[in-house]
1. Along Cα→Cβ, 7 Å out, is where each label goes; now give me the distance between the ones at Gln304 and Asn291 in nm to one decimal.
2. Can you list the lysines whose alpha carbon sits under 25 Å from that of Lys384, skipping same-chain ones fewer than 8 residues off?
3. If one computes the Cα centroid of segment 344-398 and of segment 162-224, what distance in Å separates the two points?
4. Expected output is a single nm value to one decimal: the length gained when fully extending between Asn419 and Arg563, i.e. 0.36 nm times separation in residues minus the C-alpha distance. What is it?
5. Local charge sum around Phe125 (other residues, Cβ-Cβ under 11 Å, Lys/Arg +1, Asp/Glu -1)?
6. Once R0 is set to 22 Å, what does the formula 1/(1 + (r/R0)^6) return for the Cβ-Cβ distance between Val349 and Asp394, expressed as a FRET efficiency to the nearest 0.05?
7. Obtain the nm distance between the two label points defined at Thr443 and Glu158 by a simple spin-label model: each point lies 7 Å from its Cα along the Cα-to-C-beta direction.
8. Looking only at segment 360-579, where both bridge partners belong to it, what percent of the DSSP beta bridges are antiparallel (to the nearest 5)?
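All of the numbers you see were taken from the coordinates with simple rules; none came from a lab. If you're wondering where the values come from, they're calculated on a predicted model, not measured in any experiment. All Cβ positions, glycine included, derive from the backbone under ideal geometry; neighbour counts span all protein chains shown.
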Amino acid sequence: MGGGDVRGGVGGVKRFSVRIGKPDYRACDPCAEPDLSRPTEWRETKFTGLAYASRLRHLAQHEPRVDGTNSDRETYMKHLLTPRAILLASALAIAPAAYAETPADTLVVAATIDDIITLDPAQAFEFSGIDVTINLYDRLVDFDPMDLEAGFQPSLAESWEVSEDGKSITFTIRDGATFHSGNPVRAEDAAWSLQRVVKLNKTPAFILTQFGFTPENVEEKITFEGNKLTLNLDKPYAQSFVLNCLTAGVASILDKEAVMANAEGEDMGNAWLSTNAAGSGAYTLGGWRANEAVQLAANEDYWQGAPEMKRVVIRNVAESSAQRLLLEQGDIDVARDLTPTDVDAVREVDGLKIQEEPKGRILYMGLNQKDELLSNPAVIEAMKHLVDYEGISDSFLKGIFVPHQSFLPKGYLGALDENPWTYDVEKAKQILADAGVEGGTITTKIRDLREYIDVAQTLQASMAEAGLTLEIEQMTGAQVLDAYRAREVPIFLGEWGPDYSDPNTNAATFAFNPDNSDEAQATGLLAWRNAYAVPEEMGAATEAATLEQDSEKRAEMYKDIQRQYQEEAPIIPLFIRVANTGLQENVENWTSGGTVTNAMYRSVTKGE
């Protein structure tokens, strides 16, 4: 999953494109049959006014072909879901009958996917990109989409053993798994895939390099023999720590032969993999059009069994209102980015449903310890009681966030289900009075995102009641983030998303900061950004937890760290994000990945 600082984005489609696989297919032929099995080009065809609306009607009337091949239904869905189609259909008052239900073996998803930059697992680190790659590739270990709480499970590795000194893990690669090319999955492929991540050293590589791997030593540290793969670590890390990291998209296993056949110079296939795939996952890549759509096709030879959804089409639909309209008309099966207003509206529609899942993204308040007022322990404690947790989550954050006052998301090893702070202005005033704090003014920078502004203004009002003045400067997300990383934001409001599904992903940024000096430039650590000199014992405990082999003991260690953190830390978790997904009533076994992974389509089915 992509993590770290969370930025929003919007995107739109200004034209629509027909993807054709053979040059003699006419773009205007609704029955043209794209060949999604080989690289193809996009050709653009423009329709306007009534001609376009007429084409939509024509496409809607075609029945799926009995041979199950890609046919007019694919073309229909490609064009129907563009904003241009939506607007024209609305303007021309097309009757509902002009829209066809999605085919029984096809899942059509509307989401904002304009953040996809690449489909190379060694580089992809955006939410939407990993949503795609997680379905194209398998990993050594992975999550069961039907039982996420069970944690990591065997995948391409059927078993593993840890050496007596705890510094080596040897995996046995299962027999019978094949890549989409037909090549067998080998330990050599697994070793090469992980080595490749370290050598390319793209953004998500740190998930693996934190175990002591470098471009210089990785071929000696990650080795294979026969069907055995061995990771030689620099420390005896907790088995759960290593295996949780191996569920991340960056640890996907690639078809070495297919990738290297398309390599350019020393790029190890990076350019080719940005728009192609070479995995063994439940789906193959049908095509990706930036800012428009992704198509996936079922891998009929998948080692865990072919998925029921033979096609998955993910359309870039940026507006919640457009997603809701498409869902209500039956033109999509899944709407992933609904606002609270649209969520409430969907709940009232027969034949539709809303599925709620907690996500890993935590909305927090950082109090910069360079600020004289905010570095006062009494002010830190008082601020925890000046947030109207229930009022905020029941009003403008309703359906988006719920109160959550610890830094590990629900579902993580060691997650703490304890919310010790309540909204109590009188208590905050008493805390300040007892400490001799008599007012004060703070000027801070807030990202110009409605959710954050609303929280800031609510906080501003409660602080005023307690005798503190908060002055707010609204800036773009990039401006605020740059200032935050320069330790220049007194009160920061924003979200942090986990980089991988192990508790260390958050503990190592909230509760670890070995060098608090400006010169350290540890911009990746939230503690450093807020100039929080993490107590030595807390930092030591955070490091020790990565080495504890007993998972139950390790979980208790993280709970203890979080309790100490809640007592004193100036970086205050407030809420955790909730995914509200709009679904057709017949869509079953959908998951957006919970707090630990991303959307997996292989489990999805459709009822009658």
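1. Taking the two extended label points, one gets 3.5 nm.
2. Within the straight-line limit of under 25 Å, Lys384 reaches these lysines: Lys359, Lys370, Lys398, Lys410, Lys427, Lys429, Lys445, Lys559.
3. 39
4. On the way: separation 144, 0.36 × 144 = 51.84 nm, distance 1.03 nm.
So the extension gain works out to 50.8 nm.
5. Details: positive: Lys202; negative: Asp115, Asp120, Glu126, Asp499.
Charge balance in the 11 Å sphere: -3.
6. Numbers: r = 23 Å, r/R0 = 1.05.
Working from the Cβ atoms, E equals 0.45.
7. 6.7
8. Details: 14 of 22 bridges.
Bridges in segment 360-579 that DSSP calls antiparallel: roughly 65 percent.
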